[in-house]
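What follows is a short report on a single structure.
Please treat every number below as a calculation from the coordinates, not as lab data. Note that the structure is predicted; figures quoted are calculated from it, not measured. Here Cβ is always computed from backbone atoms with ideal geometry, including for glycine, and neighbour counts include all displayed protein chains.
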């Protein structure tokens, strides 16, 4: 827990993460977080993904991340990002065609910020 900022890099396991701003960056081994409660969170996977089982946040940016349950005001899903269950979100921005959500609960707006080759 921290008042302002938490930065975690590398691999390993975290039980509960709570802070104003959270930056998670996995490297060669997965970085696994059971519960994350952050106002702003950036989750960046590299060779291994960032895995967040339960995420509650205002703003989310995720790339190469696996999220179990998500509640957010705004989420940007980048390359190779997936969400098992979107419980509630105001806006979800898909920045890559390889980002997806399996189960969608309450979603106000979805934006697709990419073009598929050959589609105009």
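Structure summary
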item	result
Neighbour-count ranking [beta-carbon atoms within 10 angstrom, fewest first] of 64, 35, 84	84, 35, 64
Distance between modelled label sites at residue 58 and residue 111, nm, 7 Å Cα→Cβ extension	1.8
Relative contact order %, segment 5-112, counting alpha carbon pairs below 8 Å whose residues are six or more apart	16
Stokes-Einstein D (µm²/s) once Rh is taken as the Kirkwood radius of the chain over alpha-carbon pairs, at 25 °C in 0.890 mPa s	174
Over 15 Å [Cα-Cα, segment 46-94], rounded percent	33
Sorted by Cβ density within 10 Å, fewest first, the residues 19, 27	27, 19
